[in-house]
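To start, the structure under review is shown below, and the notes come after it.
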Amino acid sequence: MTRRSRPAPPPTDTARRAPAGVPALDLLHSAARAALSKKARTPVALDLRELSGVCDYFFICSGSSEVQVKAIAEAVEEGLKEKGVRPWHIEGFESRRWVLLDYVEVVVHVFHEKTREYYMLDRLWGDARSLDLGLERAD
């Protein structure tokens, strides 16, 4: 009879944090630049620090097709990986209608345009302050 090891305990907040020296605002800017490099549409950055304990920032953007949604999400993941940061959790890559990349302090939402219209996440978090990231759209 083989002995099974016990599963690892869930990560604590400190275990989930981004590496030291990578501030959340820098992660947000990097995610936005990566998304815009794949022509993400209607990018919005929300500051949630004064609202909920969910995270510090949301970055929300859209793609016009499932292929573009996947490309945007992959670009964000790769761009942040180059900074030594990996997502704590990812959802939605299979369906490509709403991909969520959770970096603990920053959560990136990449929507298909129709899915974004349906869920209206921007309005749901309407109390959050919008941030101007000062990035030009990559056309």
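Residue 24 passes all but one of (1) in contact (Cβ under 8 Å) with a residue 24 or more places away in the chain; (2) out of contact with any strand residue (DSSP E or B) (no Cβ under 7 Å at 6 or more places or on another chain); (3) not aromatic (Phe, Trp, Tyr); which number fails? Every listed condition holds for residue 24 apart from (2).
Conditions (1) hydrophobic (A, V, I, L, M, F, W, C); (2) modelled with pLDDT of 95 or more; (3) over 12 Å from the mean Cα position of the chain (by Cα), marked per residue:
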residue	(1), (2), (3)
72	yes, yes, no
91	no, yes, no
95	no, no, yes
100	yes, yes, no
110	yes, yes, no
116	no, yes, yes
121	yes, no, yes
128	yes, no, yes
134	no, no, yes
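Taken over region 55-70, the criterion of being of a type outside the set (Asp, Glu) and either closer than 12 Å to residue 130 by Cβ or touching a strand residue (DSSP E or B) at 6+ places or on another chain (Cβ under 7 Å) (or both) is satisfied by 55, 57, 58, 59, 60, 61, 62, 63, 64, 69. Condition check for residue 49 on (1) assigned to a loop (DSSP other than H, G, I, E, B); (2) surrounded by 15 or more Cβ atoms within 10 Å (Cβ to Cβ): one failure, at (2). When 62, 37 are checked against the criterion of being touching a residue at least 12 places away in the same chain (Cβ under 8 Å) and surrounded by fewer than 20 Cβ atoms within 10 Å (Cβ to Cβ), a single residue qualifies: 37.
Candidates are the residues of region 78-108 that are touching a helix residue (DSSP H, G or I) at 6+ places or on another chain (Cβ under 8 Å) and within 16 Å of residue 37 (Cα to Cα); the one that is surrounded by the fewest Cβ atoms within 10 Å (Cβ to Cβ) is 78.
The values are calculated or read from the model by the stated rules, or taken from the named source; none is laboratory data. Predicted model only: the values in this text are computed from it and were never measured. Ideal geometry is used to build each Cβ from the backbone, glycine not excepted, and the neighbour counts take in all protein chains shown.
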